[in-house]
1. Once the Cβ-Cβ distance between residue 13 and residue 104 is put in as r, and R0 is 22 Å, what FRET efficiency do you end up with, to the nearest 0.05?
2. Using a/c under 1.5 as the rounded threshold, could you call the stretch 50-106 rounded, prolate or oblate? The axes a ≥ b ≥ c are square roots of the C-alpha gyration tensor eigenvalues, and prolate needs a/b larger than b/c, oblate otherwise.
3. Where both partners of a DSSP beta bridge lie in the stretch 108-182, what percent of those bridges are antiparallel, to the nearest 5?
4. What fraction, in whole percent, of alpha-carbon pairs in the chain exceed 21 Å separation?
5. Considering Cα pairs under 8 angstrom that are at least six residues apart, work out the relative contact order of the chain and quote it in whole percent.
6. So for the chain: antiparallel DSSP bridges make up what percent, rounded to the nearest 5?
7. Using +1 at the Cβ of each Lys and Arg and -1 at the Cβ of each Asp and Glu in the chain, identify which of 18, 161, 109 lies farthest towards the dipole's positive end.
8. Once you charge only the Cβ atoms, +1 for Lys and Arg and -1 for Asp and Glu, what is the size of the charge dipole of the chain about its Cα centre, to the nearest 20 debye?
Amino acid sequence: MTARAAATRYARALFDVALAEGSVERSQDELQTFGDLVSGSDQLTNVLGNPAIPAARKHALVAALLDRSGLPTGPVSKLILLLADRDRLTLLPELARAYRERVMDHQRIVRGDVTTALPLAPDALQRIQDGLARATGRRVLLDARTDSSIIGGAIARIGSTVYDGSITTQLRKIRTALVEGNQ
């Protein structure tokens, strides 16, 4: 099983427990807090990822970190200790990402990006998000990017769906229609 698949399974299990306990967002915050704690220290990352260090020592270190960090003993703490016991702490970043995706799916939020020729004003970005929310039936969070090669208009991507309203694409369609019309 790949690391991504394993992390996704752990994230699904954590989400199911957190949902039953009504602590979905709190669990996400706790997982992120612990992940930031580990990733913020190269030495800690190296120790927890080192296969030469016995799992029992990693468990003791993680237990001490959890006590000092003030994280309550809940599903996140239990999962982190389980990962330490199984020497799978290297899954934490991928697990946090997979859990965040499950939470967003549960909250009916989708992420995407929009590319325009010029930077968007906040109200224009909000109008695009609102339009895409109506089209997808979900709340949309967009990352705005600029690319002068599209001349004007916008290209929005949500998952594998692309909404292309760029002038470059419109000009390409007109050219194709004119070339096909002359033949």
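1. Working from the Cβ atoms, E equals 0.80.
2. On the way: a/c = 2.79, a/b = 1.47, b/c = 1.89.
It is oblate, given that a/c is not under 1.5 and a/b is not larger than b/c.
3. 55
4. Summing the P(r) of the chain above 21 Å gives 62 percent of all pairs.
5. Value for the chain: 21 percent.
6. Antiparallel: roughly 55 percent of the beta bridges in the chain.
7. It is 161.
8. Working: 24 positive and 20 negative charges, 80 e Å.
With only Lys, Arg, Asp and Glu charged at Cβ, the dipole is about 380 debye.
We did not get these values from a lab; they are worked out from the coordinates using the rules stated. Please read all numbers here as calculations on a predicted model, not as lab measurements. No Cβ is skipped: glycine too gets one built from the backbone with ideal geometry, and neighbour counts run over all protein chains shown.
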